[in-house]
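The values are calculated or read from the model by the stated rules, or taken from the named source; none is laboratory data. Model, not experiment: these values are computed from the prediction. Every residue, glycine as well, gets a Cβ built from its backbone with ideal geometry; the counts of neighbours run over all protein chains shown.
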Amino acid sequence: MSTDPRTRYPGPDQQDPEQQPHPGHGDAMSPEPDYGEDSYRGSGKLTGRRALITGGDSGIGRAVALAFVREGADVMISHLAAEEDDARETCRLVREAGRTAAAVPGDIQDEAHCNQLVERCVDELGGLDILVNNAAYQMPREGIADISTEQFDRVLKTNVYAMFWLCKAALPHLSAGAAIINATSIQAYDPSPNLLDYATSKAAILNVTKGLAQELASKGIRVKPSHQDPSGRP
């Protein structure tokens, strides 16, 4: 007998949308997000690998970090200084899983900080095999007239410039079999009117990812977006 996947697993308990001031904290959410810390079972796919994950303190970034460590990787996460508590919790969960964890506070809008992140990862973890450009800034507005130049700069620098800087800094340390994963979004294909700046950044990330994938294929380095084209194309 077939099982209806819509009712096979429990649904979320949350009834009403929650709002938090930026940058938001995982432990303030109710119910708390499930990062897979109790459910994910790895099989050693990333044993011995070293990963740098931006925005790894909470949300998708923490889930990625925990999935990687369950597969055998050591991780370094970057985070804003205001997210220190979340970063500590992510590191605790990583170490509880028996892997090495490191966390570096700072703002990836700064090129020098991005360069330092890569160098610290190489120094503290002994190398770099996987770069995950996950951190992003998003702030919905009514329309283009409400998007200030300051916000537009912040979105592009956090989401696009940082990815560009980190990829450039990481490349000398990556060898065949390494991977770069860039967080894209359905916004790259189907932009929402209230997220024009964010959608712009995600479209840019997608194109950089496609172009960089072609450049680095000959070196045996994979470059992939984290979100699949809604048409079904990878």
inquiry  = Could you check segment 47-62 and list, in sequence order, the residues that are more than 12 Å from Ala183 (Cβ to Cβ) and not acidic (Asp, Glu)?
reply    = Thr47, Gly48, Arg49, Arg50, Ala51, Leu52, Ser58, Arg62
query = Restricting the first residue to segment 137-150 and requiring it to be more than 28 Å from Gly61 (Cβ to Cβ), which pairs with a second residue that is surrounded by 10 or more Cβ atoms within 10 Å (Cβ to Cβ) and aliphatic (A, V, I, L, M) meet a Cβ separation below 9 Å and a spacing of at least six or different chains?
reply = Gly143/Leu196; Ile144/Leu196
task = Could you check segment 98-217 for helices (runs of 4 or more DSSP H) lying wholly inside it with 1 or more residues that are out of contact with any Lys or Arg (no Cβ under 7 Å at 6 or more places or on another chain) and under 29 Å from Glu71 (Cβ atoms)?
result = 111-125, 162-170, 196-216
query = Which of the residues that make up segment 103-154 are among the aromatic types (Phe, Trp, Tyr) and under 30 Å from Leu46 (Cα atoms)?
reply = Tyr137
message = Checking Asp129 against (1) surrounded by fewer than 20 Cβ atoms within 10 Å (Cβ to Cβ); (2) within 19 Å of the chain's Cα centre (by Cα); (3) charged (D, E, K, R); (4) modelled with pLDDT of 95 or more, only one condition comes out false. Which one?
response = (1)
key: One residue from Arg49, Arg120, Arg88 being among the basic types (Lys, Arg), under 17 Å from Ala162 (Cα atoms) and at pLDDT 95 or above   = Arg120
message = Of everything in segment 164-206, what is within 17 Å of Arg222 (Cβ to Cβ), of a type in the set (Ser, Thr, Tyr) and surrounded by 19 or more Cβ atoms within 10 Å (Cβ to Cβ)? Give them in sequence order.
response = Thr184
